[in-house]
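Right, one structure below, let's go through it.
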Amino acid sequence: MDLIRCTSCFQHSPTLIAPTFRHQTTRKPNLTTISNNHGTVSTTRMVVKARGGGAAEAETALVDKPKVLKRFQVSEGHPAPFGATIQDCGVNFAIYSANATSATLCLIALSDLQQNRATEQIPLDPLANKTGDVWHVFLKGNFKDMLYGYIFDGEFSPEIGHYYDSSRILLDPYAKAVISRGEFGALGPEDNCWPQMAGMVPTSEYQFDWEGDLPLRHPDRDLIIYEMHVRGYTKHESSGTKFPGTYRGVVEKLDHLKELGVNCIELMPCQEFNELEYYSYNSVLGDYKLNFWGYSTINYFSPMIRYSSSGIRSCGRDAINEFKYLVKEAHKRGIEVIMDVVFNHTAEGNEKGLSLSFRGVDNCVYYMLAPKGEYYNYSGCGNTFNCNHPVVRQFILDCLRYWVTEMHVDGFRFDLASIMTRSSSLWDSVNVYGDPLEGDLIATGTPLNNPPLIDMMSNDPVLHGVKLIAEAWDAGGLYQVGRFPHWGVWSEWNGKYRDIVRQFIKGTDGLSGAFAECLFGSPNLYQEGGGKPWNSVNFICAHDGFTLADLVTYNNKHNLANGEDNNDGESHNYSWNCGQEGEFASISVKKLRKRQMRNFFLCLMVSQGVPMIHMGDEYGHTKGGNNNTYCHDNYINYFRWDKKEESSSDLFRFFHLMTKFRRECESLGLNDFPTAERLQWHGHTPGKPDWSDTSRFVAFTLIDSVKGEIYVAFNTSHLPVTITLPERPGYRWEPLVDTSKPAPFDFLSNEVPERELAIKQYAHFLDANLYPMLSYSSIVLLLSPDENA
């Protein structure tokens, strides 16, 4: 997650995701009450309109008396499980709220949702419909096209953390599908950016045929991950898909990923969020800013409905099945599915934000609050999810279990995961463990050595074997790369790998030793704590930051298109434009850029650990130097299939062959850190590595049970060098990869027409056990029997 994503978002300006309401004092607003046959209820609606200048304007208005349909049998219900659950030919509704004084279940027909009104309201009796802190009710009846939400009443006192407001219909945190608008980017009725949302009432219809689908269970060490955006992957017209920008669109293009050689896709946020959260006119591009990335979750159980080709049809059931279809089809191709999840904050913002779900259900439980009710902001986005509170951590665990058991996903990448290691509000031994310990008081937000949530997730029997990947830092300054509590099962996005490799490949001094550590799984970070090489998820580029092409094209960020005067986004990118800024450059500079891109990818593929590729890097996608494209639903973020075809004989071919080579090598996905028995370091001469501050050369040989032995070298100096190769009696070294050569000679696969001739051109060097390396180049050599020995 980019920690400098949207400057105004961090402040939660009223013009963006935190509209100012007409009643924001601690006094409850005066409401007109309307009676029906279930008792006295209050009904209002909230409208957030889009304005030409981009601000979101909120207002509260009365609606008509809800219709009463006497078609449901109502009984007490059960306190478990949470959410809406089919039971005994009916539906049980159960929701936690410890501090509410009253609760009302609202049933909303799909037609009434568009009119912002409840179809029927069922007040819950605190004596009959409440067990402990759980409100519950059981209904029998016709739930076709029926949705639901809740109204909670109680104290409206922000200074003590309560935001109860009986004018709001709230989402159930456990709702399995969230219904509002059906089309991505389209405004709601009356240009409403935040139309009323409601949860799907489950029915026994719409069963999904998994066709015997089972988890693939790829070993972590064998993964090659591809980070991708569902909409961005096929939305461009050049994709030629029938369902562009959707889960089905991704399925249409899964074979590209199979050809590339990846066996795991990491989906950027696919849990329900509101892409209109940042809705405002962008005068630079003449379009509207949207929350394209999706790192602002509204509901954690619902898939992003507007990523489905079916939209809100069947009250979201078709969208759920469409996501399942994506997972099933990926599994058929041997590709696992990992979800990028955002349990560090929600879309409700700070005290000026919206009451959509968690805030109105029980604010002081779901969020980290200061003593006077202020929101802690370790996420940089206005609030912080209270992850280690007992109720919240059970909620998170229930959510993960649901996505694994019901949706068949294979793992999760946790955005700003360090927040999940911080102590919760009301942290004490009684709150957490049930027993008082003298002096056991920890300040809210303190990093914990053994955080209960991480413990539960790591040891949960249902989640056993599921991939767990941490982005081991947060916006509050907590940086845990190499120190995240892992229980032997967690991997981490290795941000140190990214930074060191970027600097060494562009020729920065003093990093040869650190670069060598990166090549072999970062043992300096993981070995002492009992970790393995696969604990390190290695990456050069990700969704936030430069693309691979931009990393070698721009020294500086160029984010004017974001409409924030280039003030957003990371300023320290360790990039190098190879001599000229921007895409328009000399032929020699462009050749060097292509060489550098190959150097980066070769490094990624020969490194121990788990490599991750960012969508579009395989063909050299450019965002024009924009390193913070969170708000663009356009060509900047769209995969350009036309560009991929143009480069199919060049960069994509190199990526494909390098991933194939990695999969073929037993030694490039080790379960343990390599020892001297199979690994040897070299310098310009064999066995003499140069770890000095001025060294820009690193080489190694690695024993491989399939390939025999591999020689890999990186020369990141501006000067060429002729190196001496290790002697292997009876064998000779032959070139496989040389990034300084033009395609197809950069990778001498068997199908290269003049492969033998290309190898013979090096014969006089190889006969003398030498090899010439150009500046900024890398090579892979393989041993073959010496026929002349």
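The values are calculated or read from the model by the stated rules, or taken from the named source; none is laboratory data. If you're wondering where the values come from, they're calculated on a predicted model, not measured in any experiment. Counting neighbours? That spans all protein chains shown, and the Cβs are built from the backbone with ideal geometry, glycine included. Surface accessibility is based on the protein's heavy atoms, side chains included, excluding ligands, DNA and RNA. Shrake-Rupley method; radii C 1.70, N 1.55, O 1.52, S 1.80 Å.
Here segment 563-615 is the region considered, the condition is being in a loop (DSSP other than H, G, I, E, B) and charged (D, E, K, R), and the residue that is nearest to Leu657 (Cα to Cα) is Glu583. Taking segment 362-391 as the range and being assigned to a helix (DSSP H, G or I) and surrounded by fewer than 24 Cβ atoms within 10 Å (Cβ to Cβ) as the test, the residues that pass are Cys364, Val365, Pro390, Val391. List the residue pairs whose Cβ atoms are under 7 Å apart, where the first residue sits in segment 68-97 and is farther than 19 Å from Pro173 by Cα, the second is outside any strand (DSSP E or B) and of a type in the set (S, T, N, Q), and the two are 6 or more positions apart or on different chains. Between residues of segment 68-97 that are farther than 19 Å from Pro173 by Cα and residues that are outside any strand (DSSP E or B) and of a type in the set (S, T, N, Q), the close pairs are Val68/Asn37; Leu69/Thr119; Arg71/Asn142; Glu76/Asn129.
Return the residue satisfying two criteria in turn: it lies in segment 515-559 and is in a loop (DSSP other than H, G, I, E, B) and charged (D, E, K, R), and of such residues it is surrounded by the most Cβ atoms within 10 Å (Cβ to Cβ). Working first, answer last.
Keep residues of segment 515-559 that are in a loop (DSSP other than H, G, I, E, B), which gives 521-522, 527-532, 540-547, 552-559.
Still in the list and also charged (D, E, K, R): 528, 532, 544, 557.
Details: Glu528: 9, Lys532: 21, Asp544: 19, Lys557: 23.
The qualifying residue surrounded by the most Cβ atoms within 10 Å (Cβ to Cβ) is Lys557.
Report whether or not Lys623 is surrounded by fewer than 24 Cβ atoms within 10 Å (Cβ to Cβ) and in contact with a Phe, Trp or Tyr (Cβ under 9 Å, 6 or more places away or on another chain).
Criteria met by Lys623.
If the condition is being crowded, with 23+ Cβ neighbours inside 10 Å and at pLDDT below 95, then segment 246-297 contributes only Tyr278.
The condition of being more than 28 Å from His718 (Cα to Cα) and of a type outside the set (A, V, I, L, M, F, W, C) holds for only one of Gly495, Gly477, that being Gly477. Within segment 638-677, restricting attention to residues that are among the aromatic types (Phe, Trp, Tyr) and over 24 Å from Gly609 (Cβ atoms), the residue that is surrounded by the fewest Cβ atoms within 10 Å (Cβ to Cβ) is Trp641. Given the condition in contact with a Gly (Cβ under 6 Å, 6 or more places away or on another chain), of a type in the set (Asp, Glu), touching a residue at least 24 places away in the same chain (Cβ under 8 Å) and open to solvent by less than 10 Å² (accessible area, probe 1.4 Å), answer yes or no: does some residue in segment 205-224 qualify? No, every residue in segment 205-224 fails to be in contact with a Gly (Cβ under 6 Å, 6 or more places away or on another chain), of a type in the set (Asp, Glu), touching a residue at least 24 places away in the same chain (Cβ under 8 Å) and open to solvent by less than 10 Å² (accessible area, probe 1.4 Å).
Taken over segment 177-199, the criterion of being of a type outside the set (Gly, Ala, Ser), in a loop (DSSP other than H, G, I, E, B) and touching a Ser or Thr at 6+ places or on another chain (Cβ under 6 Å) is satisfied by Pro195, Met197.
Table: residues versus (1) over 27 Å from Val589 (Cβ atoms); (2) touching a Lys or Arg at 6+ places or on another chain (Cβ under 7 Å).
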{"position": "Ser717", "(1), (2)": "no, yes"}
{"position": "Pro720", "(1), (2)": "no, no"}
{"position": "Pro753", "(1), (2)": "yes, no"}
{"position": "Leu757", "(1), (2)": "yes, no"}
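Within segment 209-231, the set of residues being outside any loop (DSSP other than H, G, I, E, B) and over 14 Å from the mean Cα position of the chain (by Cα) comprises Asp220, Arg221, Asp222. If you go through segment 748-780 and pick out every residue that is touching a Ser or Thr at 6+ places or on another chain (Cβ under 9 Å), open to solvent by less than 40 Å² (accessible area, probe 1.4 Å) and among the hydrophobic types (A, V, I, L, M, F, W, C), you end up with 2. The set of residues in segment 458-505 that are assigned to a helix (DSSP H, G or I), in contact with a Gly (Cβ under 8 Å, 6 or more places away or on another chain) and crowded, with 23+ Cβ neighbours inside 10 Å contains only Tyr497. Among the residues of segment 741-789, those identified as of a type in the set (S, T, N, Q) and not in a loop (DSSP other than H, G, I, E, B) are Ser777, Ser778, Ser784. Would you check which residues across segment 616-646 are outside any loop (DSSP other than H, G, I, E, B) and of a type in the set (Lys, Arg) and list them? Answer for segment 616-646, where residues must be outside any loop (DSSP other than H, G, I, E, B) and of a type in the set (Lys, Arg): Lys643, Lys644. From the list Ser357, Ser314, Ser302, Ser309, the lone residue that is modelled with pLDDT under 95 and either touching an Asp or Glu at 6+ places or on another chain (Cβ under 9 Å) or at positive phi (or both) is Ser314.
Could you run through segment 101-119 and say how many residues are open to solvent by 10 Å² or more (accessible area, probe 1.4 Å) and either touching a helix residue (DSSP H, G or I) at 6+ places or on another chain (Cβ under 7 Å) or not hydroxyl-bearing (Ser, Thr, Tyr) (or both)? Explain how you work it out, then say what you get.
Keep residues of segment 101-119 that are open to solvent by 10 Å² or more (accessible area, probe 1.4 Å), which gives 101-102, 104, 109-111, 114-117.
Still in the list and also either touching a helix residue (DSSP H, G or I) at 6+ places or on another chain (Cβ under 7 Å) or not hydroxyl-bearing (Ser, Thr, Tyr) (or both): 109-110, 114-117.
Residues flagged as open to solvent by 10 Å² or more (accessible area, probe 1.4 Å) and either touching a helix residue (DSSP H, G or I) at 6+ places or on another chain (Cβ under 7 Å) or not hydroxyl-bearing (Ser, Thr, Tyr) (or both) within segment 101-119 amount to 6.
Would you confirm whether or not segment 729-739 contains a residue that is touching a Leu at 6+ places or on another chain (Cβ under 7 Å), surrounded by fewer than 18 Cβ atoms within 10 Å (Cβ to Cβ) and farther than 18 Å from Phe601 by Cβ? Yes, that holds for at least one residue.
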